[in-house]
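Laboratory data are not the source of any read-out in this text; all were calculated from the coordinates shown. Note that the structure is predicted; figures quoted are calculated from it, not measured. Cβ placement follows ideal geometry from the backbone for every residue including glycine, while neighbour counts extend to all protein chains displayed.
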Amino acid sequence: GDTERQAFMTLWLSKITIAVIDVFVSRILTIPVLSPSGCAQLGCDISYLASILKTLGAPDTTKLEEIQLLLEAKEEDMPQACVSCQALDRGSIDKLSRKRRAWH
């Protein structure tokens with residue numbers, strides 16, 4: 001009945017959300033260098049995507065929020081921002097940090 005449909009929709013949305021976020025993060029990690037304006041644009045894009053996913057009832061957008069944190073952190077705040085990330089794997093955090101530093 002309705003409970004089964006709701007459970008299916010929740011599971012389906014969770015799987016789709018995970019896939020969308022994983023693809024988005026992997027694409028970001030292919031960008032060779034992240035300039036300040038590039039970081040700002042990606043931050044806006046992530047905010048928009050996270051907003052849509054949350055509106056749809058997506059269960060977890062933590063990876064997106066952490067990417068946004070790393071993109072928008074001031075250079076002097078990057079070490080603390082990197083440490084605070086729990087959903088992203090260490091390799092992704094390190095790559096993103098290096099891509100930002102490559103601009104300087």
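Residue-wise, which Karplus ³J(HN,Hα) couplings in Hz belong to segment 57-69, taking 6.51 cos²θ - 1.76 cosθ + 1.60, θ = phi - 60°, and x for glycine or proline?
Per residue, the Karplus-derived 3J(HN,Hα) values read x, 4, x, 8, 10, 4, 4, 4, 4, 5, 4, 4, 4 Hz.
Cα to Cα, under 28 Å, and not fewer than 8 places away if on the same chain: which lysines meet these conditions relative to LYS74?
Here the lysines satisfying the reach criterion relative to LYS74 are LYS54, LYS63, LYS95, LYS99.
Could you rank the peptides 3-13, 81-91, 44-54, 65-75 by their average count of other C-beta atoms within 10 Å per residue, with the highest value first?
Ranking the peptides 3-13, 81-91, 44-54, 65-75 by packing returns 65-75, 44-54, 81-91, 3-13.
At each listed q (0.22 Å⁻¹), what is the log10 of I(q)/I(0) that the Debye formula gives for the chain modelled as equal alpha-carbon point scatterers?
Reported log10 I(q)/I(0), two decimals: -1.15.
For THR30 and MET9, what is the calculated FRET efficiency with R₀ set at 35 Å and r taken between the beta-carbons, to the nearest 0.05?
So the FRET efficiency works out to roughly 0.65.
Which ³J(HN,Hα) values in Hz, rounded to whole numbers, follow from the phi angles of segment 86-102 under the Karplus curve 6.51 cos²θ - 1.76 cosθ + 1.60, where θ = phi - 60° and Gly and Pro get x?
Ordered by residue, 3J(HN,Hα) equals 10, 7, 7, 6, 4, x, 5, 4, 5, 4, 4, 5, 5, 5, 5, 5, 4 Hz.
How much length is gained if the chain between GLU75 and THR55 is pulled fully straight, taking 0.36 nm per residue apart and subtracting their Cα-Cα distance, in nm to one decimal?
Taking GLU75 through THR55 to full extension adds about 4.0 nm, to one decimal.
Amide H of ALA58: which non-local residues (sequence gap of 5 or more, or other chain) have their own amide H closer than 5 Å, using H built in the peptide plane?
none
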